[in-house]
Amino acid sequence: MGGCSMLGSVNTEPTPAVMAQRQADSLHQLQLRMQYSNWLLGSHPQQREQERRRLRGQGSLANRLNLAMVNSHPDEPLARRNEALATMERLLPETGLDEQAYLRTWLLLSRSRPEEAGQEAEVARLKSRVRALEEKIAKLSAIDEQINSRKQGKG
């Protein structure tokens, strides 16, 4: 029993210096994640493919998260995005709290925006198609009127 009392007196609380370093590391990770996200959202398909090749087979948590982010880009195919978002969600517990908060926001926006953006793009495409068809109908109507007026003039 005497040995147990010695264990109780050991201080397991991190020192202020350790806490400050942890906070600095966490903020640095968050800053890197935000910079990467900023680059990624402005990237072109060729850049994402090059990044995908670079990250494949990389085992670190940061690289696996980066690959999931690349694959969850709004312009990527839906199946790839969904798989990437599921991967990212599985990796969340391995990240720090600040990075988790950021990645949860990425997940939420990635799940809600592509469908809305896809629908908006589809509506815009259909409106454009309707306008083009209306113009063709107007041209055909004008031609039809010209033909009818010529027929009436000859008849």
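Of note:
- In order through segment 144-151: 3J(HN,Hα) via Karplus (6.51 cos²θ - 1.76 cosθ + 1.60), integer Hz, x for Gly, Pro: 4, 5, 4, 4, 5, 5, 5, 4
- Residue by residue, segment 13-21 carries 3J(HN,Hα) couplings of 6, x, 6, x, 5, 5, 4, 5, 5 Hz when phi is fed to the Karplus relation 6.51 cos²θ - 1.76 cosθ + 1.60 (θ = phi - 60°); x denotes Gly or Pro.
- Couplings 3J(HN,Hα) for segment 37-44, derived from phi with the Karplus relation 6.51 cos²θ - 1.76 cosθ + 1.60 (θ = phi - 60°), are 4, 4, 4, 4, 5, x, 7, 9 Hz, where x marks Gly and Pro.
- Projecting the Cα atoms of Leu126, Ala138, Gly153 onto the dipole axis of segment 114-154, where Lys and Arg carry +1 and Asp and Glu carry -1 at the beta carbon, places Gly153 farthest toward the positive end.
- What you get for the chain, charging only the Cβ of Lys and Arg (+1) and of Asp and Glu (-1), is a dipole of about 940 debye around the Cα centre.
- Shape category assigned to the chain from the gyration tensor of Cα positions, a/c cut at 1.5: prolate
- Estimated from helices alone, the mean residue ellipticity of the chain at 222 nm is -28500 deg cm²/dmol (sum of -39500 (n - 2.57) over DSSP H runs with n ≥ 4, per residue).
- Of Arg56, Arg129, Arg81, the residue with the greatest mean-square motion in the GNM of the chain, using alpha carbon springs below 10 Å, is Arg129.
- Across segment 39-152, Cα pairs under 8 Å and at least six residues apart give a relative contact order of 16 percent.
- Thr87 versus Arg104: modelled label distance in nm, points set 7 Å from Cα along the beta carbon direction: 2.3
- Gaussian network model of the chain, springs between alpha carbon atoms under 10 Å - residue of Arg64, Arg53, Arg111 with greatest fluctuation: Arg53
- Percentage, to the nearest whole number, of Cα pairs in segment 114-154 over 15 Å apart: 60
- Dimensions (Å) - segment 23-113, Cα atoms, principal axes, largest first: 36, 27, 23
- Net +/- balance of residues flanking Gln47 in space, Cβ distance below 14 Å, scoring K and R +1, D and E -1: 0
- Global size of segment 63-153: 24.7, 84 Å for Rg and Dmax (C-alpha atoms, Rg to one decimal, Dmax whole).
Read the figures in this text as sums done on the coordinates, not as results from a lab. Keep in mind that what you see is a predicted model, and the values were worked out from it rather than measured. Quick reminder, even Gly has a Cβ in these numbers, built from the backbone with ideal geometry, and neighbours come from all protein chains shown.
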